[in-house]
Amino acid sequence: MAYDKFEVLTSTAVPLPIENVDTDQIIPARFLKATERKGFGDNLFRDWRYNNDGTPKESFVLNNAQYGGKILVGGKNFGSGSSREHAAWAVYDYGFRCVVSSFFADIFRNNCLNVGVLPVQVSPEFLEKIFRAIEKNPHTELKVDLPSQTITLSETGESESFDINEYKKGNLLNGFDDIDYLLNLKEDIKEFASSRPI
Amino acid sequence: MGKTLFDKVWDSHVVKNIENGPDVLFIDRHLVHEVTSPVAFLGLKNRNIPVLYPNRTFATADHNTPTINQHLPVKDELSANQLKALEKNAGEHGIPYWGLGHEKNGIVHVIGPENGITVPGATIVCGDSHTSTHGAFGAIAFGIGTSEVEMVLASQCIMQPKPKKMRINIEGELSTAVTPKDVALFIISKLTTSGATGYFVEYAGSVFREMSMEGRMTVCNLSIEMGARGGMIAPDEKTFEYVKGREFAPKGTDWDKAMAYWETLYTEDDATFDKELTFAASEIEPMITYGTNPGMGFGISNSIPTAEQIDGAKATFAKSLAYMEFNEGDSMIGKPIDFVFLGSCTNGRIEDFRAFASIIKGRKKADNVTAWLVPGSHKVEAAIKEEGILDILQEAGFELREPGCSACLAMNDDKVPAGKYAVSTSNRNFEGRQGPGSRTLLASPLVAAAAAVTGKVTDPRELMQLQEA
């Protein structure tokens, strides 16, 4: 599915300083019954965000008007657990284009890259700096620069570089997806398949 | 330098290596279920492309299905819709579909091995993180997202960088009442839920060599719970014996050819790993979890640690205990429980029901416990009946439900109510995993059985001693 190209994103950020945020929290299983990809943002962090009667939990960060923006900053081991891509869809559909953490679970990271959300892994020290800066000033801006692979705290200019493989970087910069690439390899794949028993 | 088991299988499936990018990896067999596939099929439709190899794809309904009255129409409209979508998509693309009521229906990771779809040396993917289960056969198997499901349908390939390699060795003999589930929960408690992220794990040592195929599946199933992409065990005589004669396994001369290849699937002596860990079997007790991720577990006779004793963030630890309504220093033994769930792709095979039955035989279900016993497939269900296990269950006041993922992820009606405690043989104790507000204690079928007859967390060894006495 097509997504917007990603180049440079400058935005305020939403802090979620909790470790091991699993994809069941990002989108609970009971919201996985759809057959189309729409509306998942409404149920992002459903059970942390809403009470059982559907009223917002005021203490949760997404319900705090002070915080907003296109960047979500999470604690270590973000996105662990279930492979449900719905979690990445929910993050995207809610309006986030980038998730920052000191460590990502593998499948969630892949899913993000495949749907146009940039996962930015920073050092634990830089993550702490970001959390502290946002705590001090909720309007703190972060600049995520994909071409130069850097993330910067706009106010202080403190910066760190992040890793992404060249292929995936190219995809995000151009809005390409893997399927177009694979379809162009079809003849190679067919030849390979003929040597593999079913 | 010699190759590892993982290298051998991975390298032989690389169609193309992209410089500074992922490998294009050929997928031998693709398992599909109703929840993570509809958007992938929609993608094919939008691109107007077919499934490249429908005969390498197998579809079943398991995640979102009722476990009672499966002969009746599914009441939940959204669930019924999702099941219909899979049936229609499979039909349109010529993919075998084993829907509700079909004799081959069951949990995707139970029916793969049962029907010989899972074979050594294969690459197997599914839009489900517990696809790692199939690694028990010496296959490379892992969970993928829906975009990747679409990739595999369209091209029989995915694009992934080759993971790093880890070997976990456990030597020695397991103690009484220590099951494969305990071995896995022990490893996860040592590594944490992110300790193997970025790695593919090989399990080696006498403990895994001695383990049954069912046990190996349980261990590999839980690889993802320490963050690993997958886990695998070198195939041996036990593996070949299990696979032989199953419907989709190679036959005749194909079998001989396959065997010649499968017998080369082991890690060579001089191969190296990025990380290697060794534990002694004697360290492992029957395990139970007390928190809200599978790494928060310990031997059942232990007490909950204090915030000072754990490595992770204190606030996260406190949040977890608050959710469970447990306190630092609490003993787990004796904690009252409300629900018991036996089943899932982790512990829904015949061996798990045998273990459960061994404890409850001659006892009665505790009155305060609601028990959901859910076989992993119709074949498991049939074996439960044939072996007389159903009679033992019924005499003890238990009922057997119909196959499915059930309360493991609670997409259907099998939801543990808010605030209630469940001892569960499944794989995740995340907040709300078994229903909004539910509290999960992960454990083996033996620990689950001990809880089911006593109504509280109980060391199964106590009940086993009584049986022997």
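The values are calculated or read from the model by the stated rules, or taken from the named source; none is laboratory data. All of these numbers come straight from a predicted model, not from anything done at the bench. A quick note on method: Cβ atoms are made from the backbone with ideal geometry, for glycine too, and the neighbour counts reach across all protein chains shown. Each accessible area value is taken on the protein alone, full model and side chains, heavy atoms only, with ligands, DNA and RNA left out. Shrake-Rupley method; radii C 1.70, N 1.55, O 1.52, S 1.80 Å.
Structure values in brief
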item	result
Label point distance in nm, residue A:4-residue B:11, each placed 7 Å from Cα along Cα→Cβ	4.5 nm
Zone residues, region B:287-312, relative to residue B:322, backbone N less than 13 Å from point 7 Å out along Cα-to-Cβ	none
FRET efficiency, 1/(1 + (r/R0)^6) with R0 30 Å, evaluated for residue B:103 and residue B:241 via beta carbons	0.85
Square roots of 5 times each gyration tensor eigenvalue, C-alpha, chain A, largest first, Å	30, 23, 14
Extension gain, residue B:367 back to residue B:164 (0.36 nm per residue minus Cα-Cα distance, nm)	68.2 nm
Minimum 50 Å² accessible area buried by the other protein chains, region B:430-444 residues, probe 1.4 Å, relative to alone	B:430, B:431, B:436
Size of charge dipole - region B:5-275 - debye, nearest 20, with Cβ of Lys, Arg +1 and Asp, Glu -1, no other charges	540 debye
Rounded Å value of the spacing that divides the Cα centres of region B:10-32 and region A:182-198	11 Å
Interface burial for A against B (accessible surface, 1.4 Å probe, total of both chains, Å², rounded to 100)	5200 Å²
With every protein chain in place, region B:1-115: carbon and sulfur % of accessible area (1.4 Å)	51 percent
Stokes-Einstein D (µm²/s) once Rh is taken as the Kirkwood radius of region B:172-252 over alpha-carbon pairs, at 4 °C in 1.567 mPa s	95 µm²/s
Helical mean residue ellipticity (222 nm; -39500 (n - 2.57) per DSSP H run of 4+; nearest 500) of the protein assembly as shown	-9000 deg cm²/dmol
Given charges at Cβ of Lys, Arg, Asp, Glu: region A:1-76 dipole, positive-most of A:61, A:32, A:44	A:32
Share of carbon and sulfur in the accessible heavy-atom surface of region A:27-176 [1.4 Å probe, %]	44 percent
Given charges at beta-carbon only (K, R positive; D, E negative), |dipole| of the protein assembly as shown in Debye	980 debye
Beta bridge orientation in region B:286-468: antiparallel %, DSSP, nearest 5	35 percent
Range of Cα positions in region B:5-275 per principal axis (Å), largest first	51, 48, 43
Accessible area in square angstrom per residue, the protein assembly as shown, 1.4 angstrom probe	36 Å²
Region B:34-53-region A:39-56 distance, computed between alpha-carbon centres (Å)	29 Å
Size of electric dipole in chain A: Cβ of Lys, Arg +1 and of Asp, Glu -1, about Cα centre, debye, nearest 20	400 debye
Residues along region A:69-85 losing 30 Å² or more of accessible surface when the other protein chains are present rather than the chain by itself (probe 1.4 Å)	A:77, A:81, A:83, A:85
Rounded Å value of the spacing that divides the Cα centres of region B:117-148 and region B:385-400	32 Å
The protein assembly as shown - Kirkwood radius from inverse mean 1/r over Cα pairs (Å)	25.1 Å
Separation in nanometres of the label points that stand 7 Å from Cα toward Cβ, at residue B:206 and residue A:129	5.2 nm
Spin-label pair residue B:256/residue B:68, simplified geometry with 7 Å Cα→Cβ offset, distance in nm	5.4 nm
For region B:115-164, residues shielded by at least 50 square angstrom of accessible area compared with the chain on its own, probe 1.4 Å	B:147, B:151, B:159
Principal axis dimensions, chain B - Cα atoms, whole angstrom, descending	56, 56, 47
